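*Asks:* This is the structure I want to talk about, given as structure tokens.
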Amino acid sequence: MDFRQETVAGLAARVRSGALGARELVQHALDRITKVNDRLNAFVALDPEGAMTAARALDERVARGEEVGTLAGIPIGVKDLEDAAGLATSHGSTALPHTGPAPRDSILVARLRAQGCVVVGKTNTPELGHYADTVNALFGSTLNPWDLAHSPGGSSGGSAAAIAAGMVPLATGSDGGGSIRIPSSACGLSGFKPSLGRIPSGGPHAPDWHHLSTRGPMARRMPDVVFALDAVIGPDPTDLRSLPMPEPSWMGAVDGAHVPMRIAWSPTLGYAPLDDEVRSVCERGVRAMEAMGAQVDEVPCVFPEDPIRPWLTLAASYNLRTLAHLEGTESWERIDPLLRAQLDMARGTSTVELVRAEDRCHELNLKLVELFHDVRLLVTPTCAAAPPRSGEPGLINGTPDVNWVRFTYPFNMTRSPAATVCVGFTQGGLPVGLQLIGPQHGDLVALRAAVALEEALGLDPVAPID
């Protein structure tokens, strides 16, 4: 068995029918983790006993003829920024006190478990998810299964690497500035950031990144992402931003998927430098959409300037809220230096500046509203550069650039649904993703186009890690 040669839907169907045991799936995941995790550092905590106990209970329910859920027996990794009952949540931080196993699941994890998923462990993330490389002082660096010298991106890099290496077929991620899309692109996966509120982030504590971050399932290919989304979308009364229940089945809604007739292709968004090789690979994906009948209009400018400053104002303020109680303690000095610099910036942010950053989100969305009067989908590169070497900045035409991820965070600010699809590889064999952004709450527009593009390209690559 190789999870990279299977579908989540197919594995779960075999478990529900009794043709395959949940224990077999979980044991395979644990064996694969044992084999390759030392090289990748994707998982930072495991619960083999708890996972096998849950799998055994699920198999017994199948034997009794009980309903066990659409994701029956699927082993999953949980990003170490959210809670899975029985496992500690470290947030990738040596500064935050570690309070032992979480008493309850996050809403996303609870919904996945309710549909039969089995949590096998926690996946690595940079401290508080603040960085597009998955490295922290607590657990070290996660590496890319396509090339162990390179980064898997971040901040959901542990989940992306685990999936790309065949450790698990499904994992959780979160995306406050590109943290699902960036590592999905870097690891050759298809990824999706739902509209804000589509998957609730409620519960007993307020969301860490209120208006920027949304959670979601991660998998190798878009049909599996959509299959998992069907199990987790829908409102929750503890999340003020959660959206009403959409169509009864997103999986059914993307059946016979197609690209829209009018598409905008913006290779720079108006402000972003782009590596020539990455652009060339992305343009193959654009041409594939044209071959499917879409009229593609190149749009040189969507946003007149890089919105990095207002995005940083919001993200740093959210992180300061989380870490402010550590100021003046020894723990403060253990915070990642880059993150601490952002916290220093946030400390000097006035309330008016914070509200103006929110205003900027409104202004960016107005630009998209204007664009979507004429087209149904916006397409951009997912990242400006190929996955960089671990611990190093991205290279744009040979020049180091720490902000090689300029294409993703604007669409956290606008709360837009955004997908990424692997459209090819660099000459060095590193994956390249194309980003597909839908109109406000138009999740299915982006998902249908992503599924159709994936099918048209016919790429189903497997990372070269044995």
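No lab work stands behind these numbers, since they all come straight from the coordinates. Quick caveat: nothing in here was measured; it's all calculated off a predicted structure. Neighbour counts are summed over all protein chains in view; Cβ atoms, including those assigned to glycine, are modelled from backbone coordinates with ideal geometry.
*Asks:* Give the relative contact order (percent, whole number) for the chain; include only Cα pairs under 8 Å separated by 6+ residues.
*Replies:* Details: 1104 pairs, mean separation 77.4, N = 466.
Across the chain, relative contact order equals 17 percent.
*Asks:* Right, here's the next one. Is the shape of segment 16-124 rounded, prolate or oblate, going by the alpha carbon gyration tensor and its root eigenvalues a ≥ b ≥ c, with a/c under 1.5 for rounded and a/b larger than b/c for prolate? Show your work: numbers first, answer last.
*Replies:* Values: a/c = 2.63, a/b = 1.57, b/c = 1.68.
Cα axes put segment 16-124 in the oblate bin.
*Asks:* Once Rh for segment 311-351 is found with the Kirkwood sum over Cα pairs, what is the Stokes-Einstein diffusion coefficient at 4 °C and 1.567 mPa s, in µm²/s?
*Replies:* Values: Rh = 10.2 Å.
Answer, rounded: 127 µm²/s.
*Asks:* 5 Å is the cut-off here: which amide hydrogens, built 1.01 Å from N in the peptide plane, fall below it relative to GLY424, excluding neighbours closer than 5 in sequence?
*Replies:* It is VAL432, by chain and number.
*Asks:* Also: At 20 angstrom or more along the helix axis (alpha-carbon based) and mean Kyte-Doolittle of 0.0 or higher, what helices does the chain contain? Whole DSSP H runs only. Display every interim value, and only then the final one.
*Replies:* Values: long enough: 22-40 (26 Å, -0.57); 48-63 (22 Å, -0.21); 276-291 (22 Å, -0.51); 308-323 (22 Å, 0.30); 351-371 (31 Å, -0.09); 443-457 (21 Å, 1.17).
What comes out of the filter, once short or polar helices are dropped, is 308-323, 443-457.
*Asks:* Then there's this: For the pair SER17/VAL369, report the inter-label distance in nm, with labels modelled 7 Å from Cα in the Cβ direction.
*Replies:* It is 5.0 nm.
*Asks:* Decide, for segment 350-460, between rounded, prolate and oblate: order the square roots of the alpha carbon gyration tensor eigenvalues as a ≥ b ≥ c, take rounded if a/c falls under 1.5, and otherwise choose prolate if a/b is larger than b/c, else oblate. All intermediate terms of the calculation are to be shown ahead of the outcome.
*Replies:* Details: a/c = 2.81, a/b = 1.19, b/c = 2.36.
Oblate.
*Asks:* For ILE437, what is the net charge nearby, where nearby means another residue's Cβ is under 15 Å from its Cβ and Lys, Arg count +1, Asp, Glu -1? Each step should come with its number before you reach the end.
*Replies:* On the way: positive: ARG181, LYS193, ARG198, ARG262, LYS367, ARG376, ARG406, ARG415, ARG448; negative: ASP175, ASP297, GLU370, ASP374, ASP443.
Once all neighbours under 15 Å are counted, the net charge is +4.
*Asks:* How large is the helix-only mean residue ellipticity at 222 nm for the chain, computed as the sum of -39500 (n - 2.57) over DSSP H runs with n ≥ 4, divided by its residue count, in deg cm²/dmol to the nearest 500?
*Replies:* On the way: 14 runs with 165 residues, N = 466.
That comes out to -11000 deg cm²/dmol.
*Asks:* Under a point spin-label approximation (7 Å from Cα along Cα-to-Cβ), what is the ARG104-THR238 distance to one decimal in nm?
*Replies:* So the label points at ARG104 and THR238 sit 0.3 nm apart.
*Asks:* Which shape class applies to the chain: rounded if a/c is under 1.5, otherwise prolate when a/b exceeds b/c and oblate if not, where a ≥ b ≥ c are the square roots of the Cα gyration tensor eigenvalues? Before the final figure, lay out each step's value.
*Replies:* Details: a/c = 1.41, a/b = 1.13, b/c = 1.25.
It comes out rounded by the Cα gyration axes.
*Asks:* If the reach is capped at under 26 angstrom between alpha carbons, list the lysines near LYS122, excluding any in the same chain fewer than eight residues apart.
*Replies:* By straight Cα distance, LYS122 reaches LYS35, LYS79, LYS193.
*Asks:* Along the Cα→Cβ direction, 7 angstrom out, place labels at SER331 and GLN427. What is the inter-label distance in nm?
*Replies:* 5.0 nm
*Asks:* Any chance you could check the Cα centroid distance between segment 327-401 and segment 425-466 for me, in angstrom?
*Replies:* When both Cα centres are located, 23 Å separates them.
*Asks:* Another question, then. Relative contact order, percent, of segment 355-457 when contacts are C-alpha pairs under 8 Å separated by at least 6 residues?
*Replies:* Values: 150 pairs, mean separation 28.0, N = 103.
Taking the mean separation of contacting Cα pairs over the length of segment 355-457, I get 27 percent.
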